[in-house]
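Heads up: the structure comes next, in structure tokens.
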Amino acid sequence: MSSTVRYHRRRLADTAVALRLARSQVSREQRPRAQLVQHQQRRLDAVVRHAAAHSPFYRRWFAETGALGDGPVQLQRLPVLDKSLLMEHFDELVCDPRLRRDQLLAWAGQLTRDQLYLDRYRVLLTSGSSGRQGLFVYDTAGWRSIASQFLRSSNWAGLRPSLPRQRVAWLAGAGPTHISCQGAATLSIGLYRLLALPVTLPLPALVEALNQFQPTYLNVYPSVAMWLAAEQRAGRLRLSPQIVVTAGELRSPEMTQRLVDAFGVRPFDVYGSTEGLFGSECQHHQGIHLFDDTSLVENVDPDGRPVPAGQPGARLLVTNLYNLVQPLLRLEVTDVVTLDPDPCRCGRPLVRASTIHGRSDDVLSLPGRHGGPVAVHPLHFALLTRDPQVGEFQVVQDGPALRMLIVPSHAATAGDTELDTRLAQAVAGQLLGLGVHDPQVTVEQHRQLPRSPGGKLKLVVADPATQPVHAH
């Protein structure tokens, strides 16, 4: 059998199983929360016992900490794993001794498409919000769980197989080791007409390709969606999508309104992570339901203690319930999230994030008027998103000073110093209102802003020398 035939058979099998898994997940959404908790416990017991039996790292760690007893696994007794520890002990953490960090990184650097390592494993890389590279491996069952969550979130937004086939435009990561790139390749088997475009393409090329394809479903990073909204309003982009979905970056209410104004539909916001935690808005658009039947999520404070619903945490602890080759148990993810204490009108029993504030690495610490630091979240810069003369922006911190890097929109005049002054004053006023002492703000105009290898725009670049602060 040729490698091409094996490749297509593998994708068909992966998608067929992912569809069945997605249907099972949707079925669980209709059941009481108590039944979901029972499912979580069964999966937690299975993945933890597997890790204890097959991972030298976890076997030793559990023995040293006494985390495991004879009864059901207690999640809070398990030690917390951060990404530095994950990468440092990668070779002994994985459950297949043939997997070696340095060999995997070298192999991944030569990938040209979604090839499998040892004809078995998916290898994914993340750059990390603080520049620390992450390496993640999935076996067949684990990857099919990931693919099912792509299908599940798309289904929530209203995408279903139909005749004629839906035209799906997927604008995401450019590299073959990015989860969105591999996800698109897996699901490109003919259920939909799929156009996968790297966001690193020049904007005119994106516009031309989208105009020709005329997608009914548009999946895009929020920052790139702002480009497309501006092109749509200017008449160069001419789309009439039925469904718009954003993922991968923070989306502010102002960005949401821009998309509604440009495309005439309310966009869905989707949460996805290479670690395995996914989620999506439902039809009520009142926060993101986290799929905690496939990955457990704990919202904790800076000291790792549980945070009550309704209050922002400092980070999440994620436990992937389906990755058996690289057990990810209570892995730190630096997202600052507020979980909603109230049930959603949709009736689903899944935990719901009312607000995702951004990465804790992106929270700026600035000197306060009354002594002590003031926490400034990325959403506090939403006034730049509202400004029609700002195409996109990035905030760079240098000690107590902030530089606003902006790409002027078509409505602005390049080099307009009045724009720089107005924006600097507006941001300084916002910071004063938050209690910052003597805000120092400058504005720089650029033709484009740097993006990560996956194509994402980092809205805030914090100065690592500043003392982090967590605000409630």
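Against the conditions (1) open to solvent by 30 Å² or more (accessible area, probe 1.4 Å); (2) at pLDDT 95 or above, Pro204 satisfies every one except (2). Scanning segment 25-51 for residues that are surrounded by 13 or more Cβ atoms within 10 Å (Cβ to Cβ) and among the small types (Gly, Ala, Ser) yields Ala46, Ala51.
Applying the condition of being assigned to a loop (DSSP other than H, G, I, E, B) and at pLDDT 90 or above to segment 115-134 and asking which residue is least open to solvent (accessible area, probe 1.4 Å) yields Leu116. Scan segment 449-472 residue by residue and report those that are more than 25 Å from Gln425 (Cβ to Cβ) and at pLDDT 85 or above. Within segment 449-472, Pro450 is the sole residue that qualifies. Against the conditions (1) within 30 Å of Gln394 (Cα to Cα); (2) surrounded by fewer than 23 Cβ atoms within 10 Å (Cβ to Cβ); (3) not aromatic (Phe, Trp, Tyr), where does Asp342 fall short? Just the number, please. Condition not satisfied by Asp342: (1). Just one of the listed residues (Thr126, Thr112, Thr140) is in contact with a Ser or Thr (Cβ under 9 Å, 6 or more places away or on another chain) and touching a residue at least 40 places away in the same chain (Cβ under 8 Å), and it is Thr126. Within segment 258-271, one or more residues are aliphatic (A, V, I, L, M), open to solvent by less than 30 Å² (accessible area, probe 1.4 Å), more than 30 Å from Val123 (Cβ to Cβ) and touching a helix residue (DSSP H, G or I) at 6+ places or on another chain (Cβ under 7 Å).
Of the set (1) closer than 29 Å to Val26 by Cα; (2) surrounded by fewer than 21 Cβ atoms within 10 Å (Cβ to Cβ), all apply to Ser145 but (2).
Is it the case, given these coordinates, that Ala428 is under 32 Å from the mean Cα position of the chain (by Cα), small (Gly, Ala, Ser) and at pLDDT 90 or above? So Ala428 fits the description; yes. In this entry, Pro302 passes the filter for residues that are open to solvent by 20 Å² or more (accessible area, probe 1.4 Å), touching a His at 6+ places or on another chain (Cβ under 9 Å) and in contact (Cβ under 8 Å) with a residue 60 or more places away in the chain. Name the residue that is most open to solvent (accessible area, probe 1.4 Å), counting only residues in segment 148-192 that are outside any helix (DSSP H, G or I) and free of Cβ contacts under 8 Å to residues at least 40 places away in the same chain. Among those that are outside any helix (DSSP H, G or I) and free of Cβ contacts under 8 Å to residues at least 40 places away in the same chain, it is Leu163. Of the residues making up segment 381-427, those that are open to solvent by 50 Å² or more (accessible area, probe 1.4 Å), under 23 Å from Lys456 (Cβ atoms) and part of a helix (DSSP H, G or I) number 1.
Of the strands (runs of 3 or more DSSP E) that lie entirely inside segment 323-372, not one contains 3 or more residues that are within 19 Å of Ile146 (Cα to Cα), without any contact (Cβ under 8 Å) to a residue 12 or more places away in the chain and aliphatic (A, V, I, L, M). Consider segment 220-255 and keep the residues that are of a type in the set (S, T, N, Q) and more than 17 Å from the chain's Cα centre (by Cα). The one that is surrounded by the most Cβ atoms within 10 Å (Cβ to Cβ) is Gln232.
Kindly indicate the residue of segment 274-299 that is farther than 21 Å from Asp342 by Cβ and β-branched (Val, Ile, Thr) and also surrounded by the most Cβ atoms within 10 Å (Cβ to Cβ) among those meeting that condition. My answer is Thr294.
Residues checked against (1) in contact with a strand residue (DSSP E or B) (Cβ under 6 Å, 6 or more places away or on another chain); (2) closer than 20 Å to Thr246 by Cα; (3) among the β-branched types (Val, Ile, Thr):
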| position | (1), (2), (3) |
| --- | --- |
| Gly134 | yes, no, no |
| Val137 | yes, no, yes |
| Ala147 | no, yes, no |
| Ser180 | yes, yes, no |
| Leu187 | no, yes, no |
| Leu194 | yes, yes, no |
| Pro202 | no, yes, no |
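What residue, of Ser295, Ser252, Ser280, Ser240, is hydroxyl-bearing (Ser, Thr, Tyr) and within 20 Å of Val363 (Cβ to Cβ)? Going through Ser295, Ser252, Ser280, Ser240 in turn, just one is hydroxyl-bearing (Ser, Thr, Tyr) and within 20 Å of Val363 (Cβ to Cβ): Ser252.
When you look at Ala465, is it open to solvent by 40 Å² or more (accessible area, probe 1.4 Å) and more than 23 Å from Glu249 (Cβ to Cβ), yes or no? The answer is yes for Ala465.
In this structure, does Leu68 turn out to be over 29 Å from Ser280 (Cβ atoms), crowded, with 16+ Cβ neighbours inside 10 Å, at pLDDT below 95 and of a type outside the set (Phe, Trp, Tyr)?
On the way: over 29 Å from Ser280 (Cβ atoms): yes; crowded, with 16+ Cβ neighbours inside 10 Å: yes; at pLDDT below 95: yes; of a type outside the set (Phe, Trp, Tyr): yes.
When the stated conditions are applied, Leu68 passes them.
The values are calculated or read from the model by the stated rules, or taken from the named source; none is laboratory data. Every value quoted in this text rests on a predicted model; they were computed, and no experiment measured them. Virtual Cβ from ideal backbone geometry, glycine too; neighbours counted across all protein chains shown. For accessibility, only protein heavy atoms count, side chains too; no ligands or nucleic acids. Shrake-Rupley method; radii C 1.70, N 1.55, O 1.52, S 1.80 Å.
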